[in-house]
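Asks: Have a look at this one before I ask anything.
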Amino acid sequence: MSNYLGLYIHIPFCLSKCSYCHFASGVFPGSLIKPYFGALRREMEALPGLLQRLNGKGSGTADWVIDSIFVGGGTPSLVDGQEIGQTLKSVRNSLSLAPVPEITLEVNPGTVTDDKLDCYRAAGVNRISLGVQTFQDHLLKKVGRSHSVADSISTVELCRRNGIDNLNVDLIAGLPGQTEEDWQENLGRVAALSPEHLSLYLLEIHEDAHLGRREGPAGASLPDEELVADWYQESVEWLGSAGWEQYEISNFCRPGRQSRHNLKYWTDQPFIGFGCGAHSYWAGERWGNERDPARYVELLESGEPAATFRSEITPEQHLEEVVFLGLRLNAGLDLRRCRRKFGFDLRDRFGRELSQLAQGGLIEIEGDLLKLTPKGRLFSNEVFVQFMQ
């Protein structure tokens, strides 16, 4: 029986750095692109040996099949499509892939052409994730996005003409200066473009992002949090009536179009990350690569490992993560699986907390499934903290 594994490939290059972004990405010299992809493929070619060591049984990669690949960034669509193709070819040459793996590529509006899409499709890319964020040019400019509303619309049309039939659109609620009218316009645009998948995020301000430093703790130009929560709840109801299914707090899809790769993160499955800043998770261990792309290249070229930190996850941390991530799913957390994984029933260990949360209308238990209620999704952090040891 095969074990399924997800791969994440990080491409850090951007036209500009968005003010809310805290990922390992930025504006780097074009001369770094070729060496970076060389280092990336060098890291990926070592995966069979890594899997053999991780397995600890000497079985190599025979039992592992790649069923999802996510190429993110940064802006992967900025670089030559041939680089993406060669990188994915390295995966195929080193590992077994499922008959129809889900291969997602992040795209910034206005950065793809017919030729690039041809390269992507030839390399097996069958899902595009489009970083629209909002449909107002003044808001895009305010947060440092390099594209326009017209770019978003034309890129969707270009993808459709090139046979891309699995398209995700990212939207962010709570941007500086965003209004109720702006958000309603976003939903109307989504209806017109009709993507198969929608990721709807509430803005998070990180201290190490430019927006966090500029706005400070008060966030003077940010819309009221309660107002943004109302937008979210209205969006959930509207998207449901328009045929999208919510399957995770921030994710909606047409029937059968869930993100296979992202489900791995939410269901405690292993994944391996490549590239600067990429993280990996395997059997109770996490590790992460050097964030600076130039230093990442130096490490790989000198034969040193790219990972700069490793940590063993304690049983308590593992439990917290499984509960935190599993409850994000509309399907809920399977209490039977938790019992098999941890050796006890959450209803026994957290009986008082579960009772209080249920009385507050934040959770419900249906058989062996523990779920957030619609109200609970709005106050999910208040729920999650109850399970922290």
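Asks: Could you tell me how many of the residues in segment 179-207 are open to solvent by 10 Å² or more (accessible area, probe 1.4 Å), touching a residue at least 24 places away in the same chain (Cβ under 8 Å) and not hydrophobic (A, V, I, L, M, F, W, C)?
Replies: Number satisfying all stated conditions: 9.
Asks: Hey, another quick one. Tell me which residues, restricted to segment 291-306, are open to solvent by less than 30 Å² (accessible area, probe 1.4 Å) and of a type outside the set (Ser, Thr, Tyr).
Replies: Pro293, Val297, Leu299, Leu300, Ala306
Asks: Can I ask one more? Among all residue pairs at least 6 apart or on different chains, which show Cβ distances below 6 Å where the first residue, located in segment 283-297, is at positive phi and the second is surrounded by fewer than 18 Cβ atoms within 10 Å (Cβ to Cβ)?
Replies: Going by the 6 Å Cβ cut-off, the qualifying pairs are Gly284/Ile313.
Asks: Please tell me if Leu300 is at pLDDT 95 or above, under 30 Å from Phe37 (Cα atoms) and within 28 Å of the chain's Cα centre (by Cα).
Replies: Yes.
Asks: Separate question: Of the residues Glu304, Glu237, only one is more than 30 Å from Glu45 (Cα to Cα) and without any contact (Cβ under 8 Å) to a residue 24 or more places away in the chain; which?
Replies: Glu237
Asks: Also, quick follow-up: Taking helices (runs of 4 or more DSSP H) that do not extend beyond segment 166-283, which have at least 3 residues that are within 19 Å of Phe135 (Cα to Cα) and either among the β-branched types (Val, Ile, Thr) or modelled with pLDDT of 95 or more (or both)? Give the derivation first.
Replies: Values: elements: 180-193, 210-215, 225-241, 260-266.
Counting at least 3 such residues, we get 180-193, 225-241.
Asks: Which ones in segment 103-132 are open to solvent by 20 Å² or more (accessible area, probe 1.4 Å), polar (S, T, N, Q) and closer than 25 Å to Cys253 by Cβ?
Replies: Asn126
Asks: So which of Glu316, Glu312, Glu285 ends up being open to solvent by 80 Å² or more (accessible area, probe 1.4 Å), of a type outside the set (A, V, I, L, M, F, W, C) and under 28 Å from Pro12 (Cβ atoms)?
Replies: One residue alone meets the criteria, Glu312.
Asks: Let me ask something else about it. If a residue must be open to solvent by 20 Å² or more (accessible area, probe 1.4 Å), outside any loop (DSSP other than H, G, I, E, B), at pLDDT 95 or above and not acidic (Asp, Glu), how many such residues does segment 134-157 contain?
Replies: Final tally of qualifying residues: 4.
Asks: Of these, Gly332, Gly360, Gly343, which one is without any contact (Cβ under 8 Å) to a residue 40 or more places away in the chain and surrounded by 14 or more Cβ atoms within 10 Å (Cβ to Cβ)?
Replies: Just a single option satisfies the conditions, and that option is Gly360.
Asks: Within segment 99-142, work out how many residues are under 18 Å from Asp67 (Cα atoms) and polar (S, T, N, Q). Steps first, please.
Replies: Start the filter on segment 99-142 by keeping residues that are under 18 Å from Asp67 (Cα atoms), which leaves 99-106, 120-129.
From what is left, the residues that are polar (S, T, N, Q) are 104, 126, 129.
Residues flagged as under 18 Å from Asp67 (Cα atoms) and polar (S, T, N, Q) within segment 99-142 amount to 3.
Asks: Based on what the data block shows, is Phe274 open to solvent by 60 Å² or more (accessible area, probe 1.4 Å), in contact with a helix residue (DSSP H, G or I) (Cβ under 9 Å, 6 or more places away or on another chain) and touching a residue at least 60 places away in the same chain (Cβ under 8 Å)?
Replies: Against the criterion (open to solvent by 60 Å² or more (accessible area, probe 1.4 Å), in contact with a helix residue (DSSP H, G or I) (Cβ under 9 Å, 6 or more places away or on another chain) and touching a residue at least 60 places away in the same chain (Cβ under 8 Å)), Phe274 does not qualify.
Asks: Hey, among the residues in segment 374-389 that are open to solvent by 60 Å² or more (accessible area, probe 1.4 Å) and either part of a loop (DSSP other than H, G, I, E, B) or aromatic (Phe, Trp, Tyr) (or both), which one's modelled with the lowest pLDDT?
Replies: Gln389
Asks: Let me ask another. Taking Ser96 as meeting all but one of (1) at pLDDT 95 or above; (2) open to solvent by 50 Å² or more (accessible area, probe 1.4 Å), write down the number of the exception.
Replies: (1)
Asks: Here is a further query. Can you report the number of residues in segment 89-126 which are closer than 14 Å to Val156 by Cβ and either in a helix (DSSP H, G or I) or not aliphatic (A, V, I, L, M) (or both)? If you could, list the steps in order and put the result at the bottom.
Replies: At the first step, the residues of segment 89-126 found to be closer than 14 Å to Val156 by Cβ are 107-112, 117.
Restricting the remaining residues to those that are either in a helix (DSSP H, G or I) or not aliphatic (A, V, I, L, M) (or both) gives 108-111, 117.
Count: 5.
Asks: If I ask for residues that are in contact with a helix residue (DSSP H, G or I) (Cβ under 6 Å, 6 or more places away or on another chain), over 21 Å from Thr134 (Cα atoms) and among the hydrophobic types (A, V, I, L, M, F, W, C), which ones from segment 85-121 would you list?
Replies: Of everything in segment 85-121, just one residue is in contact with a helix residue (DSSP H, G or I) (Cβ under 6 Å, 6 or more places away or on another chain), over 21 Å from Thr134 (Cα atoms) and among the hydrophobic types (A, V, I, L, M, F, W, C), namely Cys119.
Asks: How many residues does segment 41-91 hold that are small (Gly, Ala, Ser) and either modelled with pLDDT of 90 or more or under 18 Å from Asn126 (Cα atoms) (or both)?
Replies: Residues flagged as small (Gly, Ala, Ser) and either modelled with pLDDT of 90 or more or under 18 Å from Asn126 (Cα atoms) (or both) within segment 41-91 amount to 7.
Asks: Every residue in segment 364-373 that is more than 10 Å from Leu333 (Cβ to Cβ) and either open to solvent by 70 Å² or more (accessible area, probe 1.4 Å) or in a strand (DSSP E or B) (or both), please. Break it down stepwise before answering.
Replies: Keep residues of segment 364-373 that are more than 10 Å from Leu333 (Cβ to Cβ), which gives 364, 366-367, 373.
Selection gives Glu364, Glu366.
The values are calculated or read from the model by the stated rules, or taken from the named source; none is laboratory data. The shown structure was predicted, so the numbers you read here are calculated from the model rather than taken from an experiment. Positions of Cβ are backbone-derived with ideal geometry, glycine not excepted, and every protein chain shown enters the neighbour counts. The accessibility values were calculated without ligands, DNA or RNA, using every heavy atom of the protein model including side chains. Shrake-Rupley method; radii C 1.70, N 1.55, O 1.52, S 1.80 Å.
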